[in-house]
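S.K.: Have a look at this one.
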Amino acid sequence: MNNLLSIGTIFFLMVPVTWGQDIVTDIDGNVYQTVQIGNQIWMAENLKVTHYNNGDEITTGYSNSEWTNLSIGAYAVYDDDLSNANIYGNLYNWYAVDDSRNIAPEGWHVPSDEDWMELEIHLGMSQQEANDISFRGTDEGSQLADNADLWNDGDLEYNPVFGTTGLAAIPGGARIGGDADYIDMGNWGDYWSSTTYLWGAWVRNIAYYNSAV
């Protein structure tokens, strides 16, 4: 039985809790729907919490150059437009994900790379594909995505299994700092794992032009 939290990369996120629980509430009082897929329970909405689980604030309000050079946890809202947080959640950097004060609601955790693989294999991906990099599988991305009106037109939403799991991954884009700032809302949804590798961490990307993950 897994209590996981799924979340977006430099971007935003999702999560899991206690069996039989249809909703989860974060420390700010935000309420999220949950969904059971196989033996896991995932949060079915992107995270928008602004405090760690101990009550400490997650820092925000950084310029592009500051965001690029941060070495502490932080979040941003796409285009600095607070209305985007209501739809897409917040964009979190790795330091917020990796902080011991926990960005996840109580009883939840950021999913590991292995947690993600368990989900993907349950949806039809082979173990060999799950161990690969780049786009993997066939239609697992379409199964995990939802809200077609938010996605740009492409293979993801045109697949007949689009939106069938209830996980409701959406294209919240990213903030990469520097000159690029906020990018790719409508194109991509990017989700952290808690598993590091060499100089970075494994993430999951769902893109409008590909039905895989």
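S.K.: With all protein chains present, how much of the accessible area of the stretch 171-213 (probe radius 1.4 Å) comes from carbon and sulfur, to the nearest whole percent?
M.R.: Carbon-and-sulfur percentage of accessible area, whole number: 57.
S.K.: So what is the diffusion coefficient of the stretch 14-115 in µm² per second by Stokes-Einstein at 25 °C and 0.890 mPa s, using a Kirkwood Rh over Cα pairs?
M.R.: The calculation lands on 172 µm²/s.
S.K.: Let me spell out the model: positive unit charges on the Cβ of Lys and Arg, negative unit charges on the Cβ of Asp and Glu, origin at the Cα centre of the stretch 82-167. What dipole size does that give, in debye rounded to 20?
M.R.: About 240 debye.
S.K.: Let me ask something additional. Just the accessible area per residue of the chain, please: how many Å² with a 1.4 Å probe?
M.R.: Value returned for the chain: 44 Å² of accessible area per residue.
S.K.: Could I ask something else about it? Choose one of Q33, M185, Y208: the residue whose Cα lies farthest towards the positive end of the charge dipole of the chain (beta-carbon charges +1 Lys, Arg; -1 Asp, Glu; about the Cα centre).
M.R.: Result: Q33, furthest along the dipole toward the positive end.
S.K.: So what is the calculated 222 nm ellipticity per residue for the chain, using -39500 (n - 2.57) for each DSSP H run with n of 4 or more, over all residues, to the nearest 500 deg cm²/dmol?
M.R.: Theoretical 222 nm ellipticity from helices: -4000 deg cm²/dmol.
S.K.: With +1 assigned to the C-beta of every Lys and Arg and -1 to the C-beta of every Asp and Glu, and no other charges, what is the dipole magnitude of the stretch 43-123 about the Cα centre in debye, to the nearest 20?
M.R.: 220 debye
S.K.: Grab the other residues whose beta carbon is less than 12 angstrom from that of Y209, score K and R as +1, D and E as -1, and report the net.
M.R.: Working: positive: none; negative: D153, D155, E157, D184.
Once positives and negatives cancel, what remains is -4.
S.K.: Explain nothing, just the number: dipole magnitude of the stretch 146-213 about its Cα centre with +1 on each Lys and Arg Cβ and -1 on each Asp and Glu Cβ, in debye rounded to the nearest 20. It would help to have the intermediate numbers written out before the result.
M.R.: Details: 2 positive and 9 negative charges, 63 e Å.
So the dipole magnitude of the stretch 146-213 works out to roughly 300 debye.
S.K.: Cβ under 12 Å from Q127's Cβ, Q127 left aside: what net charge do those residues give with Lys, Arg +1 and Asp, Glu -1?
M.R.: Counting the neighbours of Q127, the net charge comes to -4.
S.K.: Give the accessible area for Y95 in Å² (nearest 10); use a 1.4 Å probe, count only protein heavy atoms, and leave out ligands, DNA and RNA.
M.R.: Accessible area, nearest 10 Å²: 100 Å².
The values are calculated or read from the model by the stated rules, or taken from the named source; none is laboratory data. This is a predicted model, so every value here is computed, not measured. Virtual Cβ from ideal backbone geometry, glycine too; neighbours counted across all protein chains shown. When the accessible area is computed, the model is the full protein with side chains, heavy atoms only, and any ligands, DNA or RNA have been set aside. Shrake-Rupley method; radii C 1.70, N 1.55, O 1.52, S 1.80 Å.
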